[in-house]
1. Run the numbers on segment 3-96 and let me know its relative contact order in percent, using alpha-carbon pairs under 8 Å that are six or more apart.
2. For segment 28-84, run through the chymotrypsin sites (Phe, Trp or Tyr not before Pro) and keep only the ones in DSSP coil with at most 16 other Cβ atoms within 10 Å of their Cβ.
3. So if R0 is 30 Å, what FRET efficiency would Val76 and Arg30 give, r being the distance between their Cβ atoms, rounded to the nearest 0.05?
4. With no solvent and one point per C-alpha, what does the Debye sum give as log10 I(q)/I(0) for the chain at q = 0.11 Å⁻¹?
5. If you rank Lys9, Lys98 by fewest surrounding Cβ atoms within 10 Å, what's the result?
Amino acid sequence: MRFAVWLSKANHTYRVALAARTLTVHLLPRNRHDLATRFGSLCSAETDKFDGLAWRAGPEGALVLTDALAWFTGRVHDRYDGGDHVAFVLDPIAAHTKAAADDQSHQPALTLHDAGDITAGHPA
């Protein structure tokens, strides 16, 4: 199974991802809109998005948010140019979900619809 992650060419994250062998994708709980806003609206060239957040080391040196409902790390298999965005096709190599006993594991996930109000942070 493979997954595609689309990144805007205007984002600093895209330029970092071009040099990466792996990428980590997080599934956030709906009540953590603040995390989606932080990662979607701030430019990582200007701020450390992980500063002050709970995280741990993940596969291949990834930073994994401990507040995520689930995450996976995938090896970059290929890239497809879609104009203003590029699809990074990932082969998962590691994944984790919250334990069933964890209260957060029963929360609904944040969706694209929930995050529609976030204005993307691009470098000037």
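1. Numbers: 147 pairs, mean separation 36.0, N = 94.
It comes to 38 percent, rounded to a whole number.
2. Hits after loop and neighbour filter: Phe50.
3. Values: r = 29 Å, r/R0 = 0.96.
That gives a FRET efficiency of 0.55.
4. For the chain, the Cα-only Debye profile gives -0.38.
5. Details: Lys9 14, Lys98 18.
Going from sparsest to densest Cβ surroundings: Lys9, Lys98.
Readers should treat all values here as calculations from the given coordinates under stated rules, not as data from a laboratory. Everything quoted here is computed from the prediction, not taken from an experiment. Methodologically, a virtual Cβ is constructed for each residue, glycine included, from the backbone with ideal geometry; neighbour enumeration extends over all protein chains shown.
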